[in-house]
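Taking it in order: structure first as structure tokens, then the write-up.
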Amino acid sequence: VFDLPSVAVVAREYIAREGFSERISATGGDFTADAFPRGADVAILASNLPQYSPQLIRKVVAKAFDALVGGGEMHVIGEMLDDDRSGPLGPALWALNEAIYKSTGVAHSRADTVGYLREAGFIEVGAHEFIRGSLVRVSGVKPR
């Protein structure tokens, strides 16, 4: 687990309580700025996609690619527009909110997100419905 330091503390407590400390670690950091721990099996970016620019998402996906072992998986789970950018409404409204508050966030489409993973070098990249009308999961595998 790589998350904000306060989240990593809580994650370590849950991991220990469930008896997985030998298999799972939790490290605190800022995923937008800090290097990722190496040797990860899975990288998940979840439910904050519209808050960030395409450039930042590309950077984070590339850092995840570098941190993963060969055969490791990346999953981006987020609010994404359909490829024709006609909906769904939720991701569009979130992006509008980001624009109103002058963040760098935008409405990313499924095709955009698939492209971020492919550009980083992932293979077997695909988009899958996660929660219909709300969340999509784009996943890929780092070549061995």
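Defining a contact as two alpha carbons under 8 Å apart and six or more residues distant in sequence, what relative contact order in percent does the chain show?
Working: 274 pairs, mean separation 33.5, N = 144.
The value is 23 percent.
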| message | Can you tell me how the stretch 57-124 classifies by the Cα gyration tensor, rounded, prolate or oblate, using a/c under 1.5 as the rounded cut? | response | prolate
| Solvent-accessible area, 1.4 Å probe, carbon plus sulfur percent, for the chain | 54
| task | Let me have the relative contact order for the stretch 42-84, percent, based on Cα pairs under 8 Å that are six or more residues apart. | result | 66
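Give the range of the longest stretch in the chain that excludes all chymotrypsin sites (Phe, Trp or Tyr not before Pro) found in loop regions by DSSP and having at most 11 other beta-carbon atoms within 10 Å.
Working: sites that count: Phe20, Tyr101.
Between exposed loop sites, the widest span is 21-100.
Counting Lys and Arg as +1 and Asp and Glu as -1, each charge on the Cβ, what is the dipole of the stretch 65-144 about the Cα centre in debye, to the nearest 20? Before the final figure, lay out the partial values.
Numbers: 8 positive and 11 negative charges, 22 e Å.
In total the dipole reaches around 100 debye.
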| Where nothing but the Cβ of Lys and Arg (+1) and of Asp and Glu (-1) is charged, how large is the charge dipole of the chain around its Cα centre, in debye to the nearest 20? | 180
| request: Might you tell me the accessible area per residue for the chain, computed with a 1.4 Å probe and given in Å²? | output: 57
| At most 16 other Cβ within 10 Å, DSSP loop - GluC sites (Glu not before Pro), the stretch 1-65 | Glu18, Glu22
| message | Viscosity 1.567 mPa s, temperature 4 °C: what is the translational diffusion coefficient of the stretch 14-70 from Stokes-Einstein with a Kirkwood Rh over Cα pairs, rounded to a whole number of µm²/s? | response | 101
| What are the semi-axes of the equivalent ellipsoid of the stretch 1-138, taken as the square roots of 5 times the eigenvalues of the Cα gyration tensor, listed largest first and rounded to whole Å? | 27, 17, 15
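The values are calculated or read from the model by the stated rules, or taken from the named source; none is laboratory data. These figures come from a predicted structure and were not determined experimentally. When we count neighbours, we look across all protein chains shown, and the Cβ atoms used for this are built from the backbone with ideal geometry, even at glycine. Only protein heavy atoms, including side chains, enter the accessible area calculation; ligands, DNA and RNA are left aside. Shrake-Rupley method; radii C 1.70, N 1.55, O 1.52, S 1.80 Å.
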